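Structure first, then comments.
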Amino acid sequence: MIGGGFDAARERRESGEQDLFRSRLDQVINMDHTLVKLARTIDWGCLEEKFGAVYADGSGRPPLRTRLMAGLAILKHTYNLSDEVVCEQWIENPYYQYFCGEEFFQHRLPLDRSSMTNCRNRMGEERLQALLQESLAVATRTGAMKPSELSRVIVDTTVQPKHITFPTDAKLMNRAREKLVQLAKKLGVELRQSYTRVGKFALIQHQRYAHAKQFKRANRALRTLKTYLGRVIRDIARKIDGDHGLEGSFAHLLSLSRQVRQQERGQRGAKVYSLHAPEVECIGKGKAHKPYELMAWTTPALRGNVLPRGAAAGAQAISNTNIITIGIDLGKNTFHVVGLDATGAITLRKKRSRNQLDQSLSNVPRCLIGMEACAGAHHQAREIRPSSTALAGTVRQTIPQGSQE
């Protein structure tokens with residue numbers, strides 16, 4: 001065994017053997033096909049060394065070949081296929097089989113579809129990074145990408161839906177109380193009362209009254225849940241006062257519970273929509289069929305008002321003194337700059353290269369500069385601030401809510 005579970009003996013190599021009753025795949029298929037060229041370019045030995053421990057299923061079951069599993073994963077993402085479809089096409093497509101290391105055409109898939117899911121779940125950050133490095137290496141070797149293009153990377157932020165239960169004040173308060181009681185029991189903190197039975201009854205009452213549109217009674221049940229949560233929070237705070245270990249263990253959950261108890265409907269600013277995923281935010285993307293969505297940012301972004309990207313308007317010089325707000329759409333090599341006056345009308349629209357941007361903004365009077373929050377925005381904000389003393393402290397990175405459609 002090599003590299004923490006990698007068995008070199010089980011990996012299939014090109015043997016060059018002939019079969020009297022079967023033709024080799026390289027004698028049947030077109031060797032100038034894209035997948036054939038890609039299979040020759042990828043360093044399968046490197047992937048076998050990195051992924052060998054993941055694709056070994058253990059004793060009692062024949063181990064799966066690394067090239068087969070890695071090849072299926074590459075085909076799945078290259079052609080945007082599901083696990084079921086890529087497995088079905090592997091049986092029918094000789095190019096898929098050759099790409100995964102087969103020498104003769106196979107009429108049966110040597111694995112179950114669920115094995116792909118299990119292997120993905122066992123992958124770690126190190127192995128995913130190795131797959132990314134090999135992808136970049138292949139792109140460089142084939143000329144699809146120049147090494148100089150890797151010297152600077154601009155990463156834009158985006159959002160993705162979060163699969164959480166629909167948040168209501170009643171459910172959040174009851175769940176916060178339950179989590180506090182569970183943590184207290186786990187850490188040995190004896191509470192005066194847990195409100196387990198009456199809390200559940202109050203939640204059921206609230207849901208029934210709300211469904212029947214008896215909102216006065218529903219609000220009364222909601223106040224009861226709020227009272228139960230407040231009593232548990234104060235009881236825990238008294239019991240752990242002075243114990244720094246327990247205070248540290250309860251700090252995060254107590255903070256979320258207090259925020260859940262204090263937040264109100266229509267409240268501006270940050271709110272808690274899920275206790276197990278507090279990073280979730282309610283975002284309005286302007287969709288008619290879904291006005292609001294519960295989503296999480298895939299890269300860190302700062303909260304703030306959205307500055308709309310892109311619009312049609314005239315183009316004046318950047319030294320326009322009527323500009324009070326500037327929006328910058330970040331790109332790889334060129335940036336689009338939009339300026340607005342006090343009335344909100346667009347008085348500027350310019351396209352600037354990365355090197356020209358700082359020089360252009362140096363002539364602008366003090367104003368607010370907004371840009372999408374992403375990995376490249378933090379660097380660009382630091383570059384803009386020193387360019388002019390008038391601009392110091394006016395760069396704001398905002399949530400890209402207006403551009404996520």
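Could you please find all residues in region 238-263 being open to solvent by less than 40 Å² (accessible area, probe 1.4 Å) and within 11 Å of LEU180 (Cα to Cα)? Spell out the reasoning first.
So the first thing to find is which residues in region 238-263 are open to solvent by less than 40 Å² (accessible area, probe 1.4 Å), and the list is 240, 246, 250, 253-254, 256-257, 260, 263.
Of everything in region 238-263, those that are open to solvent by less than 40 Å² (accessible area, probe 1.4 Å) and within 11 Å of LEU180 (Cα to Cα) turn out to be PHE250, LEU253, LEU254, LEU256, SER257.
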Given the conditions (1) open to solvent by less than 30 Å² (accessible area, probe 1.4 Å); (2) among the charged types (D, E, K, R); (3) on the phi > 0 side of the Ramachandran plot, report the number of the one that ARG177 does not fulfil. (3)
For region 233-253, pairs from a residue that is closer than 13 Å to LEU187 by Cβ and among the polar types (S, T, N, Q) to a residue that is at pLDDT 90 or above and not in a loop (DSSP other than H, G, I, E, B), with Cβ under 7 Å and 6 or more apart or across chains, are SER249/LEU187
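Take the residues of region 71-113 that are part of a helix (DSSP H, G or I) and polar (S, T, N, Q): which is farthest from the chain's Cα centre (by Cα)?
Taking region 71-113 as the starting set, the residues that turn out to be part of a helix (DSSP H, G or I) are 71-78, 83-92, 94-99.
Retained after the next criterion (residues that are polar (S, T, N, Q)): 78, 89, 97.
Values: THR78: 20, GLN89: 29, GLN97: 32 Å.
Filtering region 71-113 for residues that are part of a helix (DSSP H, G or I) and polar (S, T, N, Q), the one farthest from the chain's Cα centre (by Cα) comes out as GLN97.
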Could you look through region 8-48, keep only residues that are among the charged types (D, E, K, R) and in contact with a strand residue (DSSP E or B) (Cβ under 7 Å, 6 or more places away or on another chain), and pick out the one that is modelled with the highest pLDDT? ARG24
Let me confirm something: among LYS226, LYS213, which residue is part of a helix (DSSP H, G or I) and open to solvent by 40 Å² or more (accessible area, probe 1.4 Å)? LYS226
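The values are calculated or read from the model by the stated rules, or taken from the named source; none is laboratory data. The model shown is predicted, which means the values in this text are computed figures rather than measured ones. Backbone-built Cβ (ideal geometry, glycine too); neighbour counts: all protein chains shown. Calculation scope for accessible area: heavy atoms of the full protein, side chains included, ligands and nucleic acids excluded. Shrake-Rupley method; radii C 1.70, N 1.55, O 1.52, S 1.80 Å.
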